[in-house]
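Undergrad: Sending over a structure as structure tokens; questions will come in a sec.
No lab work stands behind these numbers, since they all come straight from the coordinates. Computed from a predicted model, the values in this text were never measured in an experiment. So basically every Cβ, Gly included, is an ideal-geometry build from the backbone, and we count neighbours across all protein chains shown.
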Amino acid sequence: MSTPGSDSRQTEGQRPESQRPESQRIDKWLWHARVAKTRTLAASLVAGGHVRVNRAKVSKASQPLRVGDTVTVALNSRILVLRVVQFAARRGPAAEARTLYEDLSPPPPPRPDLPPLLPTARRAAGAGRPTKKERRQIDAWNDNPTAPRSSKS
């Protein structure tokens, strides 16, 4: 029993060490650690062969993960290398998710210097597509061919 005024409910993320699980499904951990946006996407990453645990490819989302395991995930154009530090019972905020792992990922390669942008080219009058103003003049002339053309520029 709990004493009055104390909250007998414990949030999942605040479990004592003795009550934390020894292992957790890989898809669930990837979702809790916010590597994948949904648990379904985490499972599809595993099924697609994009996840390795301790350098061994994982093919099932139900593969158990233990504290100390190294998880390698190929995401888009980068590779994440994460060491499992702890598990969570719920998907919490990003700050809480970062406590679940130690990031061992290599730094991203430096981006190549992009050449400076060239100034926009100007076209000679009468060359290429007509401007909006010229288009209006053409439409006005087509509607009334006897009307004199405007010489304003």
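Undergrad: What is the gain in length, in nm to one decimal, between Arg83 and Asp143 on full extension, counting 0.36 nm per residue of separation less the C-alpha to C-alpha distance?
TA: Going from the current span to full extension adds 14.3 nm.
Undergrad: To the nearest 20 Debye, how big is the dipole of the range 37-153 about its Cα centre, given +1 on the beta carbon of each Lys and Arg and -1 on that of each Asp and Glu?
TA: Here the range 37-153 has a charge dipole of around 280 debye.
Undergrad: Once Rh is set to the Kirkwood radius over Cα pairs, what Stokes-Einstein translational diffusion coefficient, in µm²/s, holds for the range 19-103 at a temperature of 4 °C and a viscosity of 1.567 mPa s?
TA: 104 µm²/s
Undergrad: Now for a separate question. If each residue's Cβ is checked for other Cβ atoms within 10 Å, how do Glu22, Glu102 rank with the fewest at the top?
TA: Lowest count first: Glu22, Glu102.
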